[in-house]
Each structure stands twice: as structure tokens, then as C-alpha cells.
Amino acid sequence: AEMLQFHEMGLDDRLLKAVADLGWSQPTLIQEKAIPLALEGKDILARARTGSGKTAAYAIPVIQRILASKQCVREQDVRALVLVPTKELGQQVQIMMRQLTSYCSRDVRVADISGKADVSTQRPILMEKPDVVVGTPSRVLAHLNAQNLVLHSSLEMMVVDEADLLFSFGFEADLKNLLCHLPKIYQSFLMSATFSEEVQALKELLLHNPVILKLQGSQLPDSSQLQQYTIKCEEEDKFLLIYTLLKLQLVRGKTLMFVGAMDRSYRLKLFLEQFGIPACVLNSELPIQSRCHIITQFNQGFYDIIIATDEQSLASSQTTSGKKKKKSK
């Protein structure tokens, strides 16, 4: 069967124009399957990896439905809620939705409230009742409790993106509390890389007769296609060995290196730079803007190597430093 194209999905011309501007000549597998089902009003549970085009798979029908509802003049209200596990993902979703609404930005307004700003400073944004609100469960719940956001009568669509991560990041209680603020009936989309027990439980809570899409839309290799090598060497030889692997091009292309401690990541970076090998360091102590900038530079090819820190070591170093401080008192 031939693949369904964007222009065959009954989408608004303004949306199609934005899709063309993004250079998407045809939908990805998940977009082809999910968009028509979503436009029919069905609830969707989709297993899709990062990179499969899943954001647009829910963003396009959400925008389309809002545009369609605006044709019958209705008051401005929050019609869609997108829940994400991190503020970084919140930013990405907002950027994607803004790109898709570039020709209808007056009709579909998107607000991302997942950032670090105070709840009170975000209040004016929500008072304008944007059509789509993007946020983490805890932040959305805070606004619901503060009555900056009222959804029980206006909400028509809810998306839970990276549902499996929401649980591993500890948002389960917030998510359940949040549901009390929602209307009885709304369309739901659940996106997840895995179908864990928690995701299955969430499906029971949120979805009504959902269509289940188990797609491997992205061409990322699975474990059967990956090869793992272990090299045992002395501590003092490790940096030299890394240099050798890179110099002999035994390791090529985009590379992610993990080291055990923060200072070590900077030492490795300096070591490689002595040999003209540019690398960048990434860890959670860097400000969010810096992290985003580093990733952008990595994606644009300024660096081929990211040196990341094992966050466990970060947590333990913080607790030990905390203990030391207490003792010194």
C-alpha cells in the first residue's frame, strides 16, 4: 500500500504550508498512522522512539482540531495540554508547535510553562488562555492549584509525551492529582518508548478504547545490532588509549564519552585538546542555556565528542560535600 501523504490527510492549508517549510516531504511511519486516527478523535497509545517524529504525530492533529474549532467562533480557552518529563523537552515541543503554527500563530497560541520561572511570573501567560499549554506535571499542577489554569470545562485534548520517563522522574503522584482537575471526556495521546507496567496503568486511567501503535519508526539500532567491546587497562593509560582510538580512527563520527567524575571530564577535554581534538563537556551543573548551546554545537558539527558525567557520581559527590559541611559546623 502506498504511504498516505500529508496533503491527503485533510489538513488545513496553513498547516501544510508549515510542514512544507520544515522540509518534510512525507510523513514518518508514526505520523502516517497516528495523524488520521487522531483526527477521527480516537485515543492513541503509541510506542515510538525519540527521533521517530512522534512530536509532530500528536502536534499536527492537536493544531488541526483547534483550527477546525475556531471556524465556529468560540471564546479563547485552553483546549490542549501536553505533559512532558523535562523542561528541555517542553522547550522542544513548544518550538515544534510554533514552527507548525507559523502561518496560524494568531489562531493557535502555544505556551510552555515547564521552565524554572516562578509560578507567579507565568500567571499572565496563562491568563491569556493559550490554546495549547506545555508543561511538566508538577508545574501544571501548581498552576491548577493556584487557579491560574482552569481546565475542567475547556480541555479537549491531552498528550502525555515520554510517558515512561514521567514515572522514572517521579511525577506519578502529580499526574494522578492533576487528573482530578480535568473534564470527564477528552481525547488522549500517550507516547512512550516502552510499554512498562506504569504506562499500562496510565493507559487504564487516561485512555478510552485506544488504538495501540507499536511502531519502530526510527532507524536507531536495537541491541542486536550493537557491538560492545571492553578494554582492560591501567588507570594511567586510559587517556592515552582514548587518544589512540580516536587518532587511529578506530572510533569515528559522533561520540559520547562517559567519565566517572566532573573534574575528570574537564581533564579529558583538556588532554584531547592538546592533540587538536575538540570536545565539549556536558553535565547537569551547567546552566540550561549552556547545555542547549553545547547540544546545538554538537549537532551542527562544531564538536564530534561530548564528554558526559555519570550523574550518580554527581549525586554522591554532592551528598558527601554536604556531609563535610555539616561536620565543619
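Each value in this text was obtained by applying a stated rule to the coordinates, not by laboratory testing. As the structure is a prediction and not an experimental result, all values here were calculated from the model. Glycine gets a Cβ as well: all are built from the backbone with ideal geometry, and neighbour counts include every protein chain shown.
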Sort 186-195, 8-17 for me by packing, meaning the mean count of neighbouring Cβ atoms within 10 Å per residue, highest on top. 186-195, 8-17
Near the amide H of SER114, under 5 Å away, which other amide H atoms are found, from residues 5 or more places off or on another chain, if H is placed in the peptide plane? THR136
Using θ = phi - 60° and the Karplus relation 6.51 cos²θ - 1.76 cosθ + 1.60, list the HN-Hα couplings for segment 19-36 in order, rounded to whole Hz, with x at every Gly or Pro. 4, 5, 4, 6, x, 8, 6, 8, x, 6, 4, 5, 5, 4, 7, 7, 4, x
I need the phi-derived Karplus couplings for segment 232-245: 6.51 cos²θ - 1.76 cosθ + 1.60, θ = phi - 60°, integer Hz, Gly and Pro marked x. 9, 8, 6, 3, 6, 9, 4, 4, 4, 5, 4, 4, 5, 4
Given the C-alpha centroids of segment 173-205 and segment 119-142, what is the distance between them in whole angstrom? 19
Once the principal axes of the Cα atoms of segment 58-175 are found, what is the range along each, listed largest first in whole angstroms? 40, 26, 23
Ordered by residue, what ³J(HN,Hα) values in Hz, to whole numbers, does segment 175-190 give under the Karplus form 6.51 cos²θ - 1.76 cosθ + 1.60, where θ = phi - 60° and Gly and Pro are x? 4, 5, 5, 5, 4, 5, 8, 9, x, 5, 10, 7, 7, 10, 10, 10
Lys and Arg at +1, Asp and Glu at -1: add these up for the other residues within a Cβ distance under 11 Å of ALA279 and post the number. -1
Over all pairs of distinct alpha carbons, what does the Kirkwood formula give as the hydrodynamic radius of segment 1-119, in Å? 15.1
Once the other residues with Cβ under 12 Å from the Cβ of GLY41 are scored (Lys, Arg +1; Asp, Glu -1), what is the net sum? -1
Cα-based Rg (one decimal) and Dmax (whole number) for segment 6-214, in Å? 15.8, 44
Long-range HN-HN contacts of VAL281 with modeled amide H, under 5 Å: ILE307
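Is segment 123-172 best put as rounded, prolate or oblate by its Cα gyration tensor, with a ≥ b ≥ c the root eigenvalues, rounded for a/c under 1.5, and otherwise prolate when a/b is larger than b/c, oblate when not? Could you put the intermediate results ahead of the total?
Values: a/c = 2.27, a/b = 1.66, b/c = 1.37.
Prolate, since a/c reaches 1.5 and a/b exceeds b/c.
Dividing the convex hull volume of the Cα atoms of segment 229-317 by its residue count, what figure in Å³ per residue is obtained?
107
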Point-charge dipole on Cβ atoms (K/R +1, D/E -1) for the chain, about Cα centre, debye to 20: 920
Taking +1 at the Cβ of each Lys and Arg and -1 at the Cβ of each Asp and Glu, which of MET9, GLN76, THR194 sits farthest along the dipole of segment 6-214 towards its positive end, judged by Cα position relative to the Cα centre? GLN76
Under 5 Å between amide H atoms, partner at least 5 residues away or on a different chain: which partners does VAL160 have, H built in plane at 1.01 Å? LEU83, PHE189, LEU190, MET191
Is it possible to state the helix-based mean residue ellipticity at 222 nm for the chain, with each DSSP H run of 4+ residues giving -39500 (n - 2.57), the sum divided by total residues, to the nearest 500 deg cm²/dmol? What is it? -13500 deg cm²/dmol
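When Lys and Arg each count +1 and Asp and Glu each count -1, what net charge do the other residues less than 14 Å away from ALA117, Cβ to Cβ, add up to?
Values: positive: LYS87, LYS116, ARG123, ARG139; negative: ASP112, ASP118.
The answer is +2.
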